[in-house]
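What follows is a single structure, written as structure tokens, with notes after it.
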Amino acid sequence: MQGKLGRQPSTEEIAKELELPKEKIEASMAEMESTSMISIYDRKDSSGEGVEIIDTIQDKNADDPLAMLENRDVKNELSKALGNLPERERMILALYYHENMTLKEIGVTLTISESRVCQLHAQAIMKLRKLLSSRDTNVRSKV
């Protein structure tokens, strides 16, 4: 309204524009006056030292740096463990998890039965679990 009128609007004008009682506008304005505004660039302490308020506001959409590091470490460990599997088992895991092929489709691709693919898949998973748990134990013993 200020832009439209070229001046600060009166309480009556605001009430008329919003189609609200004048008393409600006055109550809202009084409530706004009682709140204080601070700059997000103000320092947290009065000495001017320390951290700006903006640096303490958490971004809920940002990735958690610790989670990103943990995720990277898990991927590295998994990659190393996969490297210790026989080629055929790595192939089955890649086709199943990366290419989203069914056990039957993998069997056709590798010219083995679906039940054999299932056995090799289970064997590979057990080996991975063993490799990863032994590495986890080694890491804990070093800490």
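The values are calculated or read from the model by the stated rules, or taken from the named source; none is laboratory data. The structure displayed is predicted, hence computed values, not measured ones. Counting neighbours? That spans all protein chains shown, and the Cβs are built from the backbone with ideal geometry, glycine included.
Out of all the residues in the stretch 98-106, is one or more over 19 Å from Q119 (Cα atoms), free of Cβ contacts under 8 Å to residues at least 12 places away in the same chain and part of a helix (DSSP H, G or I)?
no
Only one of I92, I25 is surrounded by 12 or more Cβ atoms within 10 Å (Cβ to Cβ) and in the same structural domain as S134 (by TED's automatic domain parsing); which?
Every option except I92 fails the conditions.
Can you confirm whether the stretch 40-55 contains a residue that is within 20 Å of the chain's Cα centre (by Cα) and more than 25 Å from A122 (Cα to Cα)?
Yes, that holds for at least one residue.
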